[in-house]
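The values are calculated or read from the model by the stated rules, or taken from the named source; none is laboratory data. Owing to the predicted nature of the structure, the values given are computational and were not obtained by experimental measurement. Note that we place each Cβ from the backbone using ideal geometry, even for glycine, and neighbour counts take in every protein chain shown.
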Amino acid sequence: MKFADFVCLQAIRSHLEADDKESVIREMVAALVEARKLPEAEHESIVKAIIKREELGSTGIGKGVAVPHTKHPSVEKLVGTVGISVDGVDFNSLDGEKVQLFFLLVSPPDRPGDHLRALENISRQLRDDTFCKFLKQARGSEEIHQLLEEADNNQFVS
Amino acid sequence: MGEPSLTRRVTVVNTQGLHARPADLFVRVANRFAARIEVANGRECVDGKSILGILTLAAEQGTQLVLGATGHDAHDALDALARLIEQGFVTDEAEHATEGTG
């Protein structure tokens with residue numbers, strides 16, 4: 001699975017305003033609602049589900065990256081977006097570091113394989129430090145889009 | 001040199017596969033051991049102590065994995081890790097409950 005298969009370009013946020021865990025999740029879900037990828041009526045329920053998942057264990061997987069996610073019946077296919085916090089946010093990461101780079105995913109409950117393949121793609125690309133660094137330094141959503149495209153074309157993974 | 005190097009074949013049984021939380025658990029358990037841990041799925045082989053590595057395997061239910069361990073506690077490490085996978089990552093059940101899906 002490629003970034004282009006699940007990242008909604010209109011919902012990319014290169015400068016997250018949020019400065020705590022819950023508001024990052026809120027801001028990114030709001031971006032997907034605004035881009036009409038998630039129903040407005042489900043906004044709160046999706047935010048709550050993602051927070052509940054975080055309570056089971058942080059999705060801050062290290063290297064300043066987190067993948068907050070949930071399964072939710074309101075989507076028929078996996079949708080996701082990317083957010084960058086310039087200053088970083090305390091996300092109770094596994095390695096204790098602040099998180100600057102967020103991939104938020106909402107997937108249909110009956111498609112665990114798609115969710116796994118999105119995580120696979122994200123983690124495969126993030127193993128490349130250059131990609132990781134460029135993303136965190138990206139100045140606008142257009143630049144993020146470009147980096148994701150390059151990653152999709154295997155320009156980072158050796 | 002002279003350290004045991006063992007492998008064991010396991011099958012992923014939990015319905016959600018090796019998603020973020022099982023991967024986190026796996027890595028936590030692996031890191032309790034001194035042995036070098038590797039996990040292979042037939043296509044690639046990753047560091048068993050790296051969550052990014054484990055997630056890269058995208059191991060779904062039914063996937064066969066080969067666990068490898070090298071070091072003085074290799075045997076214990078494989079026991080612990082194989083048990084974790086074969087018992088379906090106990091906490092995976094909790095997630096099912098919160099999702100209300102089967």
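Per-residue answers, yes or no, for (1) at pLDDT 95 or above; (2) surrounded by 22 or more Cβ atoms within 10 Å (Cβ to Cβ); (3) more than 14 Å from the chain's Cα centre (by Cα):
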position	(1), (2), (3)
B:50	no, no, no
B:56	no, yes, no
B:64	yes, no, no
B:68	yes, no, no
B:78	yes, no, no
B:81	yes, yes, no
B:84	yes, no, no
B:88	no, no, no
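If only residues of region A:55-67 that are at the interface with chain B (Cβ under 8 Å from one of its Cβ atoms) and of a type in the set (A, V, I, L, M, F, W, C) are counted, the one that is farthest from residue A:127 (Cα to Cα) is A:56.
Filter region A:38-51 down to the residues that are more than 14 Å from every other protein chain (Cβ to nearest Cβ) and either buried (at least 16 other Cβ atoms within 10 Å of the Cβ) or not acidic (Asp, Glu) (or both), then identify the one that is farthest from the chain's Cα centre (by Cα). Top of the filtered list is A:41.
Candidates B:74, B:80, B:69: the one that is farther than 28 Å from residue A:129 by Cα, more than 10 Å from chain A (Cβ to nearest Cβ), of a type outside the set (Asp, Glu) and in contact with a helix residue (DSSP H, G or I) (Cβ under 6 Å, 6 or more places away or on another chain) is B:80. Suppose the filter is within 25 Å of residue A:131 (Cα to Cα) and modelled with pLDDT of 95 or more; does residue A:16 pass it? Here the answer is yes, as residue A:16 does meet what is asked.
Taking the criterion of being within 14 Å of another protein chain (Cβ to nearest Cβ) and of a type in the set (Phe, Trp, Tyr), the only residue of region B:1-55 that qualifies is B:26. Taking the criterion of being at pLDDT below 95, touching a helix residue (DSSP H, G or I) at 6+ places or on another chain (Cβ under 7 Å) and among the hydroxyl-bearing types (Ser, Thr, Tyr), the only residue of region A:107-140 that qualifies is A:123.
On the stretch given as region A:119-137, residues that are more than 7 Å from chain B (Cβ to nearest Cβ) and touching a Leu at 6+ places or on another chain (Cβ under 6 Å) total 4. Restricting attention to region A:99-113, which residues are buried (at least 18 other Cβ atoms within 10 Å of the Cβ) and more than 15 Å from the chain's Cα centre (by Cα)? If the condition is that a residue be buried (at least 18 other Cβ atoms within 10 Å of the Cβ) and more than 15 Å from the chain's Cα centre (by Cα), then A:108, A:112 are the ones that fit.
Residue-by-condition table, conditions (1) away from chain B (no Cβ under 11 Å); (2) among the basic types (Lys, Arg); (3) over 24 Å from residue B:51 (Cβ atoms):
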position: A:6; (1), (2), (3): yes, no, no
position: A:9; (1), (2), (3): yes, no, yes
position: A:15; (1), (2), (3): yes, no, yes
position: A:26; (1), (2), (3): yes, yes, yes
position: A:33; (1), (2), (3): yes, no, yes
position: A:36; (1), (2), (3): yes, yes, yes
position: A:53; (1), (2), (3): no, yes, no
position: A:69; (1), (2), (3): no, no, no
position: A:73; (1), (2), (3): no, no, yes
